[in-house]
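**Q** The following block contains the structure, expressed as structure tokens.
The values are calculated or read from the model by the stated rules, or taken from the named source; none is laboratory data. Only a predicted model underlies this, so the values are computations on that prediction, with no experimental measurement involved. Here Cβ is always computed from backbone atoms with ideal geometry, including for glycine, and neighbour counts include all displayed protein chains.
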């Protein structure tokens, strides 16, 4: 095998392409597209998002202490990209992308009605890391659009067709290869 060495960088792939909604009042509601997000703890359920301090949503989330991670789909690809390229200082992203702000169950930030999964978060800590600050948050509620549930009432990735991000490009997900533990699962005797 031959390896080529590149300068250190963020080569983890793919990443979820999510739209994070924030704000307490309709006039300040905003959406920021983020790929630097992830699960960081199971009990209590916690996740993180990383935002550059110069972004419009940064100050809103820092002040309100909450946000909603809205998972995206292939159908939401254009809105996801547009909300990541335009500033909420200049545009009402909800109106421009025909997205519906709906009340969340716990937090004051709105959920995106068109998103299949909405993850309500309360900020617990902010880590200043350099170009980005990481908002560490506790998940306080998860809403799932029931049209994305399968016969067993589990979330269906096939129905949702999630959107992921990889080094400047958006992708859908391919076919399922296996489930957790399939490589060590004992085969049934016939």
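**Q** Among the residues of the range 36-43, is any in a loop (DSSP other than H, G, I, E, B), surrounded by fewer than 22 Cβ atoms within 10 Å (Cβ to Cβ) and under 11 Å from the mean Cα position of the chain (by Cα)?
**A** Yes, the range 36-43 has at least one match.
**Q** Can you confirm whether the range 30-42 contains a residue that is farther than 22 Å from residue 117 by Cα and without any contact (Cβ under 8 Å) to a residue 40 or more places away in the chain?
**A** no
**Q** Can you go through 105, 147 and tell me which one is more than 30 Å from residue 11 (Cα to Cα), loosely packed, with under 15 Cβ neighbours inside 10 Å and in contact with a strand residue (DSSP E or B) (Cβ under 6 Å, 6 or more places away or on another chain)?
**A** Answer to the check: 105.
**Q** Still on this structure, I have one more. Got a sec? Which of 139, 122 is closer than 14 Å to residue 37 by Cα, surrounded by 15 or more Cβ atoms within 10 Å (Cβ to Cβ) and out of contact with any helix residue (DSSP H, G or I) (no Cβ under 7 Å at 6 or more places or on another chain)?
**A** It is 139.
**Q** Separate question: Looking at 50, 21, 42 in this structure, which one is within 20 Å of residue 142 (Cβ to Cβ) and touching a strand residue (DSSP E or B) at 6+ places or on another chain (Cβ under 6 Å)?
**A** Result: 21 is the single residue among 50, 21, 42 that is within 20 Å of residue 142 (Cβ to Cβ) and touching a strand residue (DSSP E or B) at 6+ places or on another chain (Cβ under 6 Å).
**Q** Let me spell it out: the conditions are (1) on the phi > 0 side of the Ramachandran plot; (2) in contact with a strand residue (DSSP E or B) (Cβ under 7 Å, 6 or more places away or on another chain), and residue 69 meets all of them except one. Which number is the exception?
**A** It is condition (1) that residue 69 fails.
**Q** Of the conditions (1) modelled with pLDDT under 95; (2) under 18 Å from residue 96 (Cβ atoms), residue 16 clears all except one; give me its number.
**A** It fails just one condition, (2).
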